[in-house]
Amino acid sequence: MDDGRSSDSRSNDGREVADGEAASRFVERFAAQLVEAGMARMPARVFAALLSSERGDLTSAELGERLKISPAAVSGAVRYLAQVNMVSREREPGSRRERYRVQGDQWYSALMERDAMLRSWQGTLREGVSHFGLETPQGRRINDTLEFFQFLDKELGSLMERWAAHKAQHLGR
């Protein structure tokens, strides 16, 4: 029976799901926003595709097909996303093929990774302040940067604690 919807706009249990065109629009729109925020275009597209996939994971071939990109483009994007803890690689049991997965807490993980980097930068900035001294323009600039990163470090810790409480209350996790 034809109800006016294409067969690929329904899941097996009859629930409506976004068709390929709507999913593609979401991927491209969210990827464009990530690019505006500073992420490279291909990793942004791959991340958005993984985020919007039903199970949250896809193979290289599936990503290439959905995004109409080469295996090399998928590989480079996944390499970057794995380095910044936004995706993980999982080997399919009994296969050499990898699946790339986006986790529900990828933003938390990415921020915590940045938090560790900020602490490392603070040590170097302290050395810069010590070397140049607060009486010099460069020493004051470096100190301003150090103060900002110290502020971020403190606030990020508090923010992550509040996020954990919010997540437990509103998402039950």
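Within the stretch 109-130, is there a residue that is over 28 Å from Trp163 (Cβ atoms), open to solvent by less than 60 Å² (accessible area, probe 1.4 Å), in contact (Cβ under 8 Å) with a residue 24 or more places away in the chain and in a helix (DSSP H, G or I)? No, the stretch 109-130 has no match at all. The single residue among Gln83, Gln106 that is under 20 Å from the mean Cα position of the chain (by Cα) and open to solvent by 90 Å² or more (accessible area, probe 1.4 Å) turns out to be Gln83.
Can you name the residue in the stretch 86-97 that is surrounded by fewer than 19 Cβ atoms within 10 Å (Cβ to Cβ) and in contact with a Lys or Arg (Cβ under 7 Å, 6 or more places away or on another chain) and, of all such residues, is farthest from Arg25 (Cα to Cα)? Within the stretch 86-97, the match that is farthest from Arg25 (Cα to Cα) is Glu92. Only residues that are among the basic types (Lys, Arg) and open to solvent by less than 30 Å² (accessible area, probe 1.4 Å) were counted across the stretch 64-80, and they come to 0.
Yes or no, residue by residue, for (1) at pLDDT below 50; (2) open to solvent by less than 60 Å² (accessible area, probe 1.4 Å); (3) in contact with a Leu (Cβ under 6 Å, 6 or more places away or on another chain):
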residue: Asn12; (1), (2), (3): yes, no, no
residue: Gly20; (1), (2), (3): no, yes, no
residue: Ala23; (1), (2), (3): no, yes, no
residue: Ala32; (1), (2), (3): no, yes, no
residue: Gly38; (1), (2), (3): no, no, no
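Residues that are open to solvent by 50 Å² or more (accessible area, probe 1.4 Å), farther than 28 Å from Gly104 by Cβ and assigned to a loop (DSSP other than H, G, I, E, B) within the stretch 131-173 comprise Leu134, Glu135, listed in sequence order. Residues that are farther than 29 Å from Arg96 by Cβ number at least 3 in the following helices (runs of 4 or more DSSP H) confined to the stretch 16-68: 20-36.
It is to be established whether one or more residues within the stretch 76-91 are part of a helix (DSSP H, G or I), among the aliphatic types (A, V, I, L, M) and farther than 30 Å from Glu161 by Cα. Taking every residue of the stretch 76-91 in turn, at least one turns out to be part of a helix (DSSP H, G or I), among the aliphatic types (A, V, I, L, M) and farther than 30 Å from Glu161 by Cα.
The values are calculated or read from the model by the stated rules, or taken from the named source; none is laboratory data. Small disclaimer: the values here were computed from a predicted structure and weren't measured. In this analysis, Cβ positions are derived from the backbone assuming ideal geometry, glycine residues included, and neighbour counts consider all displayed protein chains. With ligands, DNA and RNA removed, areas are computed over all heavy atoms of the protein, side chains included. Shrake-Rupley method; radii C 1.70, N 1.55, O 1.52, S 1.80 Å.
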